[in-house]
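Encoded as structure tokens, the structure appears first; notes follow it.
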Amino acid sequence: MFTHSSQHTSSHRLMRWLTAALLGGWAAASFGVVYWARELSFLWGKWPFSFWMTAQGSVLVFLAITVIYAFVANRLDGPSNQQDHDQDRDYKIQP
């Protein structure tokens, strides 16, 4: 039936931790900047930081979150995907 290897369990644990951390970053970029907009009044370039984050910075943070998640998930799923590919190939060879 289904067996859970230690690598499988540790990768799931790491993915849960990564998801929680990235959701925390998303919440900080989405709601934190809005909540503390008056306190974030220092200049970033020619604009106040809160304006820059709402106009452009949040989008860059969301893109970074997506890239980080995709990169880590691909690295963790690599051995599993290769094993699945090998099993599919063996299945097709046998009559």
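The values are calculated or read from the model by the stated rules, or taken from the named source; none is laboratory data. Treat the numbers as computed from the prediction; the structure is a model and nothing was measured. Please note: Cβ atoms are built from the backbone with ideal geometry, for glycine as well, and neighbour counts cover all protein chains shown.
Would you mention how many residues in region 27-67 are in contact with a helix residue (DSSP H, G or I) (Cβ under 6 Å, 6 or more places away or on another chain), surrounded by 15 or more Cβ atoms within 10 Å (Cβ to Cβ) and not hydroxyl-bearing (Ser, Thr, Tyr)?
Total satisfying the criteria: 7.
Residues 19, 9: which one is under 24 Å from the mean Cα position of the chain (by Cα), modelled with pLDDT under 85 and either surrounded by 10 or more Cβ atoms within 10 Å (Cβ to Cβ) or at negative phi (or both)?
That would be 9, the only listed residue that is under 24 Å from the mean Cα position of the chain (by Cα), modelled with pLDDT under 85 and either surrounded by 10 or more Cβ atoms within 10 Å (Cβ to Cβ) or at negative phi (or both).
Being of a type outside the set (A, V, I, L, M, F, W, C) and modelled with pLDDT of 85 or more narrows it down to one residue among 24, 78, 32, 57; which is it?
Matching residue, one of 24, 78, 32, 57: 24.
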